[in-house]
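Input: a single structure, listed below in structure tokens.
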RNA sequence: GCGGGUAUGAUCUAGUGGUUAUGAUAUUAGCUUCCCAAGCUAGUCACACGGGUUCGAAUCCCGUUACCCGCACCA
């Protein structure tokens, strides 16, 4: 017997083609799910609704980058360090350690684990239960040695590694946002909770770049009076966006704006407002890149409050990391109101001295010397391939120059709303799943918002009559040609056909009956009220468009 | 990863160490002039996988996988 709402939803989801476990014919594997026909369509609709909010309303741009991501990228971003360690916990000291940090040098990790050679560095207790802290999926690009790579654990890095190009594309104006919708991969130790923790999942992320001195948002004034549902780990509260910022509940306008945008998106997509809140991360649960983070949490009758969206202030963490690691100029310019003339001391390399002395490294040394500000340095050193070299005085001149400066360089800060699409989809199902009794029979309705419903309307001939079928089929074809998804059905009784549509969340059903032959009207039946209205066939198209447009 | 439980058509489920393995829903074909899962007739589809015990296993045992519940984990 189905136990609770989750079981019931997963039953319907499988039977009707929303979502179900992958590879079942080979025994299945935890953490992977297939979206069936209706699930895929629902997902597309939700993603397109999301695009409406971020691409149109917030004027972000969308890009698409590979899911296979070079080792260097994730090394720089900190994910390699944070993802791949075998860890032990000391219950006495309440601390976690990386196994490789605390075992005797030279001991293989496997051996240390097997023979209980792991001691707590603080209290000397023997530690057990070594466990890997989440892993990324690793792979190799090319044959032979190839290059190391991972399946990306987030889409964000693809955006950061594009920053300098996108900054040009947006003609060096801040703030601007870049979004990406795509798959991410995390090799969870033990995925549980059904579709809420998958190993391959879809996310929609926006990286919005701000001048750290100006974390305001151009549209802030338009939404500042709106109410937010916030939870600071102690009490839930309803406050206006403006007050949340003024009282420093949320650190800045930009972050608050995206908290609100997220709320607006989720409620439009069909999340139950009573099962929704924002929770602020405590300092000790922040990700390695975040300075402040608000989660949109949705309430599940089975799983409790579940994080579905994280809105993080990543500060300059990622861009700094990539600037340092790749040496690519990913700075933004803050223009001065008036261009300044500045007296600068520049280091001018003498290549005729550098060349003979440093050989092939001379070129790289020149590059670094060109960047130096001689006013602030005493000894001239450069770092080439990890080696620190001192450059003797006779290899350069220090020259005073007047330089015109139009602005100053800085590393932008990033506000990142990051959505777990699969989680949002699950909650759209759970929050809209309604059971009613009809003649003592259990009757289920999926009250999906028409904007996201996979099928917009059923099209039926009332009875099996050639004349009605002809009209119904034409109407069905016309609707689909106009971009409105339909489901044509002439089997079984009319009630049964309505029921089938109700179960998969189809908001409307159009029925052609005998009267239609004379008055060219059809019946539009509404899912949630079962009310019916007569509409002219020629008016059906605009009528539907009006109801379902995003 | 540890402990406990579960596994029968698309879905839910009955089942005893012994012939062609229940029933319902769904679905297919037909009949039915049909606006809220009506009825009738006929049909399709199942014992998770791999070993073992046994004359004989869907049933008992072991392993694997998946799912569920706790613990840990969720950067």
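The values are calculated or read from the model by the stated rules, or taken from the named source; none is laboratory data. Everything numeric here is computed off the predicted structure, so don't read it as measured data. Quick reminder, even Gly has a Cβ in these numbers, built from the backbone with ideal geometry, and neighbours come from all protein chains shown.
Brief remarks on what is shown
- Summed over the range A:483-502, the residues that are more than 6 Å from RNA strand B (Cβ to nearest atom) and not in a loop (DSSP other than H, G, I, E, B) give a count of 6.
- Answer residue from the range A:330-352, given it is out of contact with any strand residue (DSSP E or B) (no Cβ under 7 Å at 6 or more places or on another chain) and loosely packed, with under 12 Cβ neighbours inside 10 Å and is farthest from residue A:168 (Cα to Cα) among those: A:352
- Scanning the range A:183-202 for residues that are surrounded by fewer than 18 Cβ atoms within 10 Å (Cβ to Cβ) and not in a loop (DSSP other than H, G, I, E, B) yields A:183, A:200.
- Pairs are defined by a Cβ separation below 7 Å, a sequence spacing of at least 6 or placement on different chains, a first member in the range A:10-36 that is touching a residue at least 24 places away in the same chain (Cβ under 8 Å) and farther than 22 Å from residue A:186 by Cα, and a second member that is assigned to a strand (DSSP E or B) and more than 8 Å from RNA strand B (Cβ to nearest atom); the pairs so defined are A:13/A:19.
- Whichever residue in the range A:278-295 is over 13 Å from residue A:416 (Cα atoms) and assigned to a strand (DSSP E or B) and, among such residues, is nearest to RNA strand B (Cβ to nearest atom): A:279
- If you go through the range A:433-469 and pick out every residue that is outside any loop (DSSP other than H, G, I, E, B) and under 22 Å from residue A:486 (Cβ atoms), you end up with 12.
- Any hit, the range A:531-550, residues being crowded, with 17+ Cβ neighbours inside 10 Å, assigned to a strand (DSSP E or B) and within 9 Å of RNA strand B (Cβ to nearest atom): no
- Among helices (runs of 4 or more DSSP H) entirely within the range A:1-78, having at least 2 residues that are over 21 Å from residue A:450 (Cα atoms) and within 16 Å of RNA strand B (Cβ to nearest atom) singles out A:5-15, A:71-76.
- Single residue of A:477, A:486, A:406 found to be surrounded by fewer than 16 Cβ atoms within 10 Å (Cβ to Cβ), modelled with pLDDT of 90 or more and more than 30 Å from residue A:360 (Cβ to Cβ): A:477
- Filter pass, residue A:419 being within 12 Å of RNA strand B (Cβ to nearest atom), over 17 Å from residue A:540 (Cβ atoms) and crowded, with 16+ Cβ neighbours inside 10 Å: no
- Among residues of the range A:165-179 that are without any contact (Cβ under 8 Å) to a residue 12 or more places away in the chain, those with a beta-carbon under 9 Å from a residue that is assigned to a helix (DSSP H, G or I) and surrounded by 18 or more Cβ atoms within 10 Å (Cβ to Cβ) at least six positions away or on a different chain give the pairs A:173/A:167.
- Residue match in the range A:258-277 (condition: assigned to a strand (DSSP E or B) and more than 21 Å from residue A:57 (Cα to Cα)): yes
For (1) part of a helix (DSSP H, G or I); (2) modelled with pLDDT under 85; (3) outside the structural domain of residue A:207 (by TED's automatic domain parsing), each residue gets a yes or a no:
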position	(1), (2), (3)
A:378	no, yes, yes
A:383	no, yes, yes
A:388	no, yes, yes
A:397	no, yes, yes
A:401	no, yes, yes
A:419	no, no, no
A:428	yes, no, yes
A:431	yes, no, yes
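- Note on the range A:160-201: residues that are more than 17 Å from residue A:420 (Cβ to Cβ) and within 16 Å of RNA strand B (Cβ to nearest atom) amount to 3.
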